[in-house]
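Encoded as structure tokens, the structure appears first; notes follow it.
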Amino acid sequence: MLFSLIISTLLCGSIVPARGCKDIDTAACIQMSKQRPDLCSDQTIAKNACPAFCKLCPPVCYHCNTTVQDYHLCTNTMTCPNGSVCMRKELKSIYDGHHEYELTCAQKQECDNPWNGSGPFGKRDIMSRDLSVTCCIEDLCNYHMPSLTTPKSNCVKDLI
């Protein structure tokens, strides 16, 4: 009964669709998915009521027009074109150890073949650089996050 009520509320003609690719009510999408785990397989609901919840929206990614040496300087974001993913390229020079980052949207094929010569890194001498490419589909997932591991201590202490 609750499921039917939520569906009729979401798909009612009096509701104005949200701008962009957003759920009409994400909380309602979550509740519906608890009662119906295959909710996103219903294309009407997935496309019209819960596109973000059903991962049908293109991701929003960090995007810089040039490579940056400090990824904190890349604060611009953009909504990627359909079929794109967020990409982070990290380059480490073997000569002086400096890092450069490229944060942007990319076609999925670029993630599997970063050596295709596109982008700022492809225009330089690839042989003298260490390049790491990471692609992801969640919003803002291409921001470089340092690992939060706690250092292990070899010090053994007796407690009295």
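Before moving on, here are some points about what is shown:
- Region 104-133, subset in a strand (DSSP E or B) and exposed (fewer than 14 other Cβ atoms within 10 Å of the Cβ), residue modelled with the lowest pLDDT: Asp130
- Selection status of Cys21, outside any helix (DSSP H, G or I) and touching a strand residue (DSSP E or B) at 6+ places or on another chain (Cβ under 9 Å): yes
- Meets criteria (at pLDDT 90 or above and in contact with a Leu (Cβ under 7 Å, 6 or more places away or on another chain)) for Ser33: yes
- Residues in region 43-86 that are touching a helix residue (DSSP H, G or I) at 6+ places or on another chain (Cβ under 9 Å) and either among the β-branched types (Val, Ile, Thr) or more than 21 Å from Cys111 (Cβ to Cβ) (or both): 12 in all.
- The residues in region 38-75 that are under 14 Å from the mean Cα position of the chain (by Cα) and more than 18 Å from Asp23 (Cβ to Cβ) can be counted, and the count is 3.
- Taking every residue in region 38-54 that is touching a residue at least 60 places away in the same chain (Cβ under 8 Å) and pairing it with any residue that is surrounded by fewer than 15 Cβ atoms within 10 Å (Cβ to Cβ) and assigned to a helix (DSSP H, G or I), at least 6 positions away or on another chain, yields no pair with a Cβ-Cβ distance below 8 Å.
Yes/no matrix, rows are residues, columns are (1) modelled with pLDDT of 90 or more; (2) surrounded by 13 or more Cβ atoms within 10 Å (Cβ to Cβ); (3) under 14 Å from Tyr143 (Cα atoms):
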residue	(1), (2), (3)
His63	yes, yes, yes
Thr67	no, yes, yes
Asp70	no, no, yes
Thr75	yes, no, yes
Pro81	yes, no, no
Ser84	yes, yes, no
Arg88	yes, yes, yes
Tyr95	no, no, no
Glu102	yes, yes, yes
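- Looking across region 48-61, the residues that are surrounded by fewer than 17 Cβ atoms within 10 Å (Cβ to Cβ) and in contact with a Cys (Cβ under 8 Å, 6 or more places away or on another chain) come down to Ala52, Lys55, Leu56.
The values are calculated or read from the model by the stated rules, or taken from the named source; none is laboratory data. Worth saying up front: this structure is predicted, and the values here are computed from it rather than measured. No Cβ is skipped: glycine too gets one built from the backbone with ideal geometry, and neighbour counts run over all protein chains shown.
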